[in-house]
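Worksheet: one structure, shown below.
The values are calculated or read from the model by the stated rules, or taken from the named source; none is laboratory data. Since the model is a prediction, treat every value here as computed from it, not as a measurement. Neighbour counts run over all protein chains shown; Cβ positions are idealised from the backbone, glycine included.
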Amino acid sequence: MIYFISLICFLLPSYLVRFNVFSVPTTLLEVLIYVAAVITIVKFSISNFQFSNKSKISKSQIPNQLLKSITHSQLLIPILLFLLAGIISIFVAPDKREALGLFKAYVFDPILFFFIVFANVKNKNDVTLIFKALILSGFLVALHAIWQRMTGQLTPDGRVIGLFGFSANYLALYLAPLAVLTFCYQIFTMEDQYDFSNYKRVWYYDVIFLAMILAIWLSGSRAALGAVILGIIAFSVIKYWSWIKARHTIKILLYCSIALLLIVGWQIIKPNWQLASGEGGRITSSNNIRWEIWKTTVKDILPSSTGWRINWLLGVGPGEYQNYFTILTKDRVNFPEWISPMALTPHNLFLTIWVNLGLLGLVAFIWLLIIFFKLTAHHLQSRASRNYCLLLITLMLTLLIQGIADSPYWKNDLAVFFWVILALSFSVNNLMLENEKNV
């Protein structure tokens, strides 16, 4: 079963393969998740039946209900709240059919896959297999993007869009966390042998990493490049913190470097209000547009209401943000021509969750993040789980950093990827609890 789960992780972009089943729109990714769910249910039904008949069956084949209940006691409430927020959002949205489709893609399917992964990951080798599937997926997506550049398949502003066929940012959103995963996984692979001379055995990870970085560069996404850089820095600081804090000079250099990064980051993303939208080149125009979208969302959309719909409480409904934004700003200078077409999302992770799933969805999302960081940070002290937990923390930080200027959850593959990270973190937590129990 773990190989099928890994295959699904490898095929995350397969949501692009769309078709109807009995007139119901679906995707290949969705069908694969449902097949995995059915197999998992059948698998554990058979295991429980055998156990009830006292057949000989290894402990690893039976779900440890006690250990899972410990984790679920922390997870169940925010997961149910997030699911409830998604259901409410269907009734909030004017277009119920579109909202139901987005609910499936961004809420129900990812949560279902979370439980599938959580139920089937039994050891660290399973976690490793999923990591490798994700890395290989990112590598092939990057190669396709590079091929597009070589063959001149570019957008009017010279960017590549990869497999995703709509926005260069979609390519960058997918590759940024996988590039960080590749970098960190190579470090751990060499360390496992306690000898960095084993580099010659893992040199291909450098090739994969560089291919992803090149593809991100060709996409023109500054948010993705910044997320990769800051993700790797965060990984290095956490990993070597005990060494850093023992050296006063190194700490001062680190703090100065962080301050410098913040200053440079502000210079990169700050708007130039002296220029109208569409002037000053792509970067300046992009900055101005993002700031206008953020400002409009916070000052005009969230405080507003339409009839019984209170936006700050219920959001505007899945798939409705751009329509709402466009109608609201139709009489504003430059908005219809330059800004509204770019307002597919609020270009911020938390604002995107808020306007689509309401305040309840935002609270549940933040709650899940708090539980995630609490559990993974706790096991950072364990030699057996440190590398896995550090890698998962780094991946989540990369998503959150990228989420400052983009919406890395509100996309089919990345919604599933987010819940895979959660599932792996809680699986590692359960493995550690089981080890402690057996000691």
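Mind checking which residues of the stretch 284-323 are in a helix (DSSP H, G or I), of a type in the set (Ser, Thr, Tyr) and more than 16 Å from Ile90 (Cβ to Cβ)?
Thr284, Ser285, Ser286, Thr296, Thr297 - these are the residues of the stretch 284-323 that are in a helix (DSSP H, G or I), of a type in the set (Ser, Thr, Tyr) and more than 16 Å from Ile90 (Cβ to Cβ).
Total residues in the stretch 210-249 satisfying the condition of being crowded, with 16+ Cβ neighbours inside 10 Å and not in a helix (DSSP H, G or I): the figure is 2. Condition check for His144 on (1) buried (at least 21 other Cβ atoms within 10 Å of the Cβ); (2) in a helix (DSSP H, G or I): one failure, at (1).
Restricted to the stretch 395-413, and to residues that are part of a helix (DSSP H, G or I) and in contact with a Pro (Cβ under 9 Å, 6 or more places away or on another chain), which residue is nearest to Gln74 (Cα to Cα)?
Here is the first cut: in the stretch 395-413, the residues part of a helix (DSSP H, G or I) are 395-402, 412-413.
This time we only want the ones that are in contact with a Pro (Cβ under 9 Å, 6 or more places away or on another chain), so: 395-396, 398-400, 402, 412-413.
On the way: Leu395: 21, Met396: 19, Thr398: 24, Leu399: 22, Leu400: 22, Gln402: 27, Asn412: 26, Asp413: 25 Å.
If we take residues in the stretch 395-413 being part of a helix (DSSP H, G or I) and in contact with a Pro (Cβ under 9 Å, 6 or more places away or on another chain), then Met396 is nearest to Gln74 (Cα to Cα).
Condition check for His347 on (1) at positive phi; (2) at pLDDT below 90: one failure, at (2).
Would you pick out the residues in the stretch 3-34 that are aromatic (Phe, Trp, Tyr) and in a helix (DSSP H, G or I)?
Matches in the stretch 3-34: Tyr3, Phe4, Phe10, Tyr15, Tyr34.
Evaluate the following for Thr155: is it farther than 23 Å from Ile229 by Cα, modelled with pLDDT under 95 and not hydrophobic (A, V, I, L, M, F, W, C)?
Numbers: farther than 23 Å from Ile229 by Cα: yes; modelled with pLDDT under 95: yes; not hydrophobic (A, V, I, L, M, F, W, C): yes.
Yes: the conditions hold for Thr155.
Name the residue that is nearest to Ile88 (Cα to Cα), counting only residues in the stretch 338-375 that are crowded, with 18+ Cβ neighbours inside 10 Å and of a type in the set (Phe, Trp, Tyr). The qualifying residue nearest to Ile88 (Cα to Cα) is Trp354.
Annotation note: Cβ proximity below 9 Å between a residue of the stretch 238-265 that is in contact (Cβ under 8 Å) with a residue 40 or more places away in the chain and a residue that is part of a helix (DSSP H, G or I) and of a type in the set (Lys, Arg) (sequence gap 6+ or interchain) occurs for Lys239/Arg386. Taking the stretch 379-394 as the range and being assigned to a helix (DSSP H, G or I) and either β-branched (Val, Ile, Thr) or free of Cβ contacts under 8 Å to residues at least 24 places away in the same chain (or both) as the test, the residues that pass are Gln381, Arg386, Ile393, Thr394. When the residues of the stretch 161-176 are filtered to those that are in contact with a Phe, Trp or Tyr (Cβ under 7 Å, 6 or more places away or on another chain) and more than 14 Å from Leu214 (Cα to Cα), the one that is modelled with the lowest pLDDT is Phe164.
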